[in-house]
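Please treat every number below as a calculation from the coordinates, not as lab data. Predicted model only: the values in this text are computed from it and were never measured. Cβ coordinates were reconstructed from backbone atoms using ideal geometry, including for glycine residues, and neighbour counts include every protein chain displayed.
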Amino acid sequence: MNKENDMLNKFKAEAKLKSKKSDLFNSYLKKTNNIDDKIALIRFKYKDDNQKLVKSIKNLMKKN
């Protein structure tokens, strides 16, 4: 039971950290006006998933 609690606490901590990173990423993305900075941020966030990268860039282009 103790091992399960440790794993659960580890998953909770990782989820909280991901949430903070996502909030920081989104706030910087909203603050910056330079399209090159926005594309660089999106590339950094989705460096392993090309489909999400392309979809995010398309959405960015629609907004501008």
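Can you pull out every residue in the stretch 44-56 that is surrounded by 15 or more Cβ atoms within 10 Å (Cβ to Cβ) and part of a helix (DSSP H, G or I)?
LYS45, LEU53, SER56
When you scan the stretch 28-43, how many residues do you find that are part of a helix (DSSP H, G or I) and loosely packed, with under 10 Cβ neighbours inside 10 Å?
3
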